[in-house]
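One structure follows; several queries about it will come next.
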Amino acid sequence: MTLSKAKHSSANSDSLSNREKIKTSTQNVYAMESYSQRLLTSPWDDFEHPVIVIIEDSDEDFYTFMRVTQTIDPLKRSLYKFLRFEDGDEALDYLFRQGDYQSLTAPLPVAILLDLNLPGTDGRDIIKKVKQTLHLQMIPVIVLSTSSSAYDIQSCYQYGANCYMLKPMGVLKMQQTVQILFQHWFQLTILPSYGQFLT
């Protein structure tokens, strides 16, 4: 390949990469608009509905999860609001009502969906801190991770995780996993928060 062709090929590759980034960013913007009725931008946005906290730093995994929730029965899905945190430190501040969340009087979340490898405090330490704290320990902690490490699985259960599920590869498998998770925890299971949001 000549130098000019190599430069042209490299430029095309860079251009394609930029277009893919723009496409992904645009999809995420549309996703935000689509989920705006259920996805809280702040813990102060809604004090009336049960909140499921998602602690996930990966935009791709988070938006995949939110897209999959679109396939769940709208009536059952509409009962819940979602609140996302991208790092462990802020999630702990929210849960323990410290730092920027000292004045927050919203009810605690009804469940926590947790990734393990997070910026700041990682998922394992979050489980440990939540389950060692009397007023938080009843909140179900559901780990959703790509790690199939026996050490990770055992240590999460040892720290008190209520469930450990693997993030599968592929949209269809992810859809099935999220549907099973949602059906089990938010349709069949009676959560510790039962009765708190009944009118």
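Which one of Y35, Y94, Y63 is farther than 19 Å from A111 by Cβ and either at pLDDT 85 or above or surrounded by 13 or more Cβ atoms within 10 Å (Cβ to Cβ) (or both)?
The conditions single out Y63.
For the stretch 156-199, how many residues meet the condition of being in contact with a strand residue (DSSP E or B) (Cβ under 8 Å, 6 or more places away or on another chain) and among the charged types (D, E, K, R)?
Here the count works out to 1.
Exactly one of these conditions fails for F85: (1) free of Cβ contacts under 8 Å to residues at least 60 places away in the same chain; (2) out of contact with any strand residue (DSSP E or B) (no Cβ under 6 Å at 6 or more places or on another chain); (3) surrounded by 14 or more Cβ atoms within 10 Å (Cβ to Cβ); (4) under 25 Å from Q187 (Cα atoms). Give me its number.
So the condition that F85 fails would be (2).
Here are some residues: Q196, Q154, Q175. Which one is in a helix (DSSP H, G or I) and exposed (fewer than 13 other Cβ atoms within 10 Å of the Cβ)? Steps first, please.
Numbers: Q196 fails: in a helix (DSSP H, G or I); Q175 fails: exposed (fewer than 13 other Cβ atoms within 10 Å of the Cβ).
When all the criteria are applied, what remains is Q154.
Right, something else. Do you know which residues across the stretch 71-85 are among the charged types (D, E, K, R) and at pLDDT 95 or above?
R84
Only residues in the stretch 43-61 that are on the phi < 0 side of the Ramachandran plot count as the first member; pair them with residues that are part of a loop (DSSP other than H, G, I, E, B) and surrounded by fewer than 14 Cβ atoms within 10 Å (Cβ to Cβ), Cβ under 6 angstrom, at least 6 apart or cross-chain, and list the lot.
The qualifying pairs are D57/P119.
Looking at the stretch 98-115, is at least one residue in contact with a Pro (Cβ under 7 Å, 6 or more places away or on another chain), under 22 Å from K167 (Cα atoms) and among the acidic types (D, E)?
Checked against the condition, which is being in contact with a Pro (Cβ under 7 Å, 6 or more places away or on another chain), under 22 Å from K167 (Cα atoms) and among the acidic types (D, E), the stretch 98-115 yields no hits at all.
Further question on the same structure: So which residues in the stretch 157-172 are on the phi < 0 side of the Ramachandran plot and in a loop (DSSP other than H, G, I, E, B)?
A161, N162, K167, P168, M169
Would you point out which residue out of P168, P140 is modelled with pLDDT under 90 and surrounded by 14 or more Cβ atoms within 10 Å (Cβ to Cβ)?
Sole residue among the options that is modelled with pLDDT under 90 and surrounded by 14 or more Cβ atoms within 10 Å (Cβ to Cβ): P168.
The values are calculated or read from the model by the stated rules, or taken from the named source; none is laboratory data. Model, not experiment: these values are computed from the prediction. For neighbour counting, all protein chains shown are included, and Cβ atoms are generated from backbone atoms with ideal geometry for every residue, glycine included.
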